[in-house]
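Working notes, beginning with the structure itself.
The values are calculated or read from the model by the stated rules, or taken from the named source; none is laboratory data. Since the model is a prediction, treat every value here as computed from it, not as a measurement. Every residue, glycine as well, gets a Cβ built from its backbone with ideal geometry; the counts of neighbours run over all protein chains shown. The area values use the complete protein model at the heavy-atom level, side chains included, leaving out ligands, DNA and RNA. Shrake-Rupley method; radii C 1.70, N 1.55, O 1.52, S 1.80 Å.
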Amino acid sequence: MNKTNIDGLEGVPVTALWTLWSRAAESARTDSEFSDTLAEQLCRSIDFDYQNFGSPSQSQALRAHTIDAEIQRFQRNSPGGTVVALGEGLQTTYWRLGVPELNWLSVDLPEMITLREQLLPAEPRVRTVAMSALDRSWFDLVGTEDVLVTAEGLFMYLQPDDVYALIGDMAQRFPGAGVVFDILPPAVTERTAKGTMLARNSDYVIPHMPFGLTVAEARALPQRVPGVSGYQELPMIPGRGWCGPLALGAQRRLPLIRNHRHLIARLAFE
């Protein structure tokens, strides 16, 4: 089988292959409730040595699973609504959800959009636009009602002021909408600043992540960002071991951890 060559992909865009591989590895397990057969197919179709990333990350698959559940809730409440997936990389969310009756706009850098259009099936409800998520011109491609924005695995790679400004501008442009994104604690993101933080069991250097928040700081976002009216932490769908229900519950309770943990937030706009 001829495989897709991804020579020239570097920096943050390479993390799309890391998360793709983690989802595919989790999907292939017989003891996992997470299924992403398209991710498995994509992994096999790309010419890349995924072992460069070390061990696959179960948490990346569980993050996707949790955001899936929120998109499904959005679809139930807003059938025919629009999902805007910022920095979507090689996410396969639309197909994993069974080709939902949602309008879908994928916003990413030109090299990633080229890969998406080359590798993923064409769907009449799915549009792609090649630009930075920070380029507000994608706003003009979206209606103002029944909108959910996702930024899975994106905001941590942006500067904090850019994140706050983008959320504020989205809140002004899309009243009543919301944004879902994951947040890492500063204790993790600050370690990437030196360019020495490695993925588990590998020599892969994780790109710099300028944006990180404690749980308390995340909860204060409605007071910090104009136009944000509400904050909700989405419960992470549990997996195995350190990602199992007992471990996740302990993270929320233990004083030394509960304010410094990975979380998925949903902000509501006024």
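Of all residue pairs spaced 6 or more apart or on separate chains, those with beta-carbon atoms under 7 Å, a first member in region 116-128 that is farther than 18 Å from Thr37 by Cβ and a second member that is assigned to a loop (DSSP other than H, G, I, E, B) and at pLDDT 95 or above are Arg125/Leu102.
Looking across Leu198, Leu248, Leu254, one residue alone is free of Cβ contacts under 8 Å to residues at least 24 places away in the same chain and open to solvent by 30 Å² or more (accessible area, probe 1.4 Å). It is Leu254. Filtered by the rule that a residue be β-branched (Val, Ile, Thr), in contact with an Asp or Glu (Cβ under 8 Å, 6 or more places away or on another chain) and in contact (Cβ under 8 Å) with a residue 60 or more places away in the chain, region 77-105 gives Thr82, Thr92. The single condition from (1) part of a loop (DSSP other than H, G, I, E, B); (2) surrounded by 14 or more Cβ atoms within 10 Å (Cβ to Cβ) that Gly8 fails is (2). Considering only residues in region 214-241 that are under 13 Å from Ile264 (Cα atoms) and polar (S, T, N, Q), the one that is least open to solvent (accessible area, probe 1.4 Å) turns out to be Thr214.
Quick check on Ser22: is it over 15 Å from the mean Cα position of the chain (by Cα), of a type in the set (Gly, Ala, Ser) and surrounded by 14 or more Cβ atoms within 10 Å (Cβ to Cβ)? For Ser22, the condition - over 15 Å from the mean Cα position of the chain (by Cα), of a type in the set (Gly, Ala, Ser) and surrounded by 14 or more Cβ atoms within 10 Å (Cβ to Cβ) - is not met. As a summary of the residue check, Glu101 satisfies the conditions (1) in contact with a Gly (Cβ under 8 Å, 6 or more places away or on another chain); (2) among the charged types (D, E, K, R); (3) at pLDDT 95 or above except for the one numbered (3). Residues that are of a type outside the set (Ser, Thr, Tyr) and exposed (fewer than 15 other Cβ atoms within 10 Å of the Cβ) number at least 2 in the following helices (runs of 4 or more DSSP H) confined to region 40-146: 58-77, 110-119. Residue pairs whose Cβ atoms lie under 6 Å apart, separated by 6 or more positions or on different chains, with the first residue in region 206-221 and in a helix (DSSP H, G or I) and the second open to solvent by 20 Å² or more (accessible area, probe 1.4 Å), are Val215/Asn259; Ala216/Asn259; Arg219/Tyr231; Leu221/Tyr231. Criterion first (of a type outside the set (Gly, Ala, Ser), within 21 Å of Thr92 (Cα to Cα), surrounded by 16 or more Cβ atoms within 10 Å (Cβ to Cβ) and touching a Phe, Trp or Tyr at 6+ places or on another chain (Cβ under 7 Å)) does Phe211 satisfy it? The answer is no for Phe211. Examine region 173-188 for a residue that is under 20 Å from Pro13 (Cα atoms), in a helix (DSSP H, G or I), modelled with pLDDT of 95 or more and open to solvent by less than 10 Å² (accessible area, probe 1.4 Å), and state whether such a residue exists. No, region 173-188 contains no residue that is under 20 Å from Pro13 (Cα atoms), in a helix (DSSP H, G or I), modelled with pLDDT of 95 or more and open to solvent by less than 10 Å² (accessible area, probe 1.4 Å). Of the residues Ser27, Ser45, the single one that is in contact with a strand residue (DSSP E or B) (Cβ under 7 Å, 6 or more places away or on another chain) and polar (S, T, N, Q) is Ser45.
The number of residues in region 222-270 that are assigned to a loop (DSSP other than H, G, I, E, B) and charged (D, E, K, R) comes to 4.
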